[in-house]
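Notes follow the structure.
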Amino acid sequence: MTGTDAGTGATTEAAAGAEAGTGATTEAEAGAEAADVRRFARRLGLPGLIDVHTHFMPRGVLDKVWAYFDSAGPLTGRPWPIRYRAEEDRRVELLRAFGVRRFTAMLYPHKPDMAGWLNDWAADFAARVPDCLHTATFFPEPGAPDLVGRALARGARVFKAHVQVGGYDPNDPLLDQVWGTLAEAGVPVVVHCGSGPAPGPYTGPGPIARLLARHPRLPLVVAHMGMPEYGEFLDLAERYERVHLDTTMAFTDFSEELAPFPADGPKRLDALRERVLLGSDFPNIPYPYVHQLHALERLGLGDDWLRAVCHDNAARLFGPLGPPGPLPEPAL
């Protein structure tokens, strides 16, 4: 597929680079890409975008994540150039230039005794960057309930759980109180639980189905639409009214090569329009940010669906974002 703007039929410079995965290395290229993203939002009459799946984390941790992508490690299994490899301030500046009004700091531990200091860092980041939704995380360890309670008391509005990287069963008894607390608080948890890009011991719909059977009011956001088990995770969203799906990397040329979305999927997504949320995986994507938006557009579900997915659903889930105002011009 080529990077085509489904709304205009025009192939943009940014979208055309989707397959190449080349970086926006100059100010002019970054400015053109920002203009593309903002044009998408303006065409829909939106005050901007809300992206529920972006990554900010301590630099030492992020460097290790990037090194893993660079090595095409077993959980990626293919070349994966990081398009937005830049210092933290620059990455924040880019999202703001794109007109992303709210984003997240998806961070996650892969072993015990990490979640506490990651949460401390994330609380400080949210204080420094108020357009970032205060994000927290956890791991199955004896202190997990206290860590989650402390994060909630400090204002955490979204949590991240990564059962693939963490290699843990979401039904671990050490997490039972955590899930109950989050269900009662109504705070969403973005969960990487699908088996893409490579399966783990506890990925797939089975463990999450068992979790939801015990905590049916848990507000889960299934990352990456549950890739590649799209159909099974759509089933769960249809069964449980507080289950959402984020669009991260789904429908893009990069993902469609290995995990094509099922033919009946768009019709089901239309019926679930109030529970699909924009996610991107910024900065760890191998194509321009705007390509995710064009990939959503070419599903052909219409502007009302796009408005709901790219802004309105997240605004409802996370609460008031303040007066929208006009989209300011990017400062790059």
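The values are calculated or read from the model by the stated rules, or taken from the named source; none is laboratory data. All values reported here derive from a predicted model rather than from experimental measurement. All Cβ positions, glycine included, derive from the backbone under ideal geometry; neighbour counts span all protein chains shown. With ligands, DNA and RNA removed, areas are computed over all heavy atoms of the protein, side chains included. Shrake-Rupley method; radii C 1.70, N 1.55, O 1.52, S 1.80 Å.
General observations
- In the set ASP246, ASP235, only one residue is out of contact with any Leu (no Cβ under 6 Å at 6 or more places or on another chain), at pLDDT 95 or above and within 26 Å of CYS310 (Cβ to Cβ); that residue is ASP235.
- Scanning region 228-275 for residues that are of a type outside the set (Lys, Arg), open to solvent by 30 Å² or more (accessible area, probe 1.4 Å) and in contact with a Pro (Cβ under 8 Å, 6 or more places away or on another chain) returns GLU229, GLU232, ASP235, TYR240, PHE254, LEU258.
- Qualifying residues in region 310-323 (those that are closer than 16 Å to PHE103 by Cβ and part of a loop (DSSP other than H, G, I, E, B)) - the one modelled with the highest pLDDT: GLY319
- Residue match in region 81-94 (condition: out of contact with any helix residue (DSSP H, G or I) (no Cβ under 7 Å at 6 or more places or on another chain), modelled with pLDDT of 95 or more and not charged (D, E, K, R)): yes
- Contact map, region 211-231: first residue free of Cβ contacts under 8 Å to residues at least 40 places away in the same chain, second residue of a type in the set (Asp, Glu) and open to solvent by 30 Å² or more (accessible area, probe 1.4 Å), Cβ cut-off under 9 Å, separation 6 or more or different chains; pairs are HIS215/ASP176; PRO216/GLU241; ARG217/GLU184; ARG217/GLU241; GLY226/GLU232; GLY231/ASP264.
- Wholly within region 115-194, helices (runs of 4 or more DSSP H) carrying at least 3 residues that are more than 21 Å from PHE103 (Cβ to Cβ) and in contact (Cβ under 8 Å) with a residue 60 or more places away in the chain: none
- Within region 100-115, restricting attention to residues that are surrounded by fewer than 22 Cβ atoms within 10 Å (Cβ to Cβ) and out of contact with any Asp or Glu (no Cβ under 6 Å at 6 or more places or on another chain), the residue that is farthest from VAL190 (Cα to Cα) is ASP113.
- Within region 257-309, the residues that satisfy the criterion of being in contact with a strand residue (DSSP E or B) (Cβ under 7 Å, 6 or more places away or on another chain) and either part of a helix (DSSP H, G or I) or at positive phi (or both) are LEU269, ARG275, VAL309.
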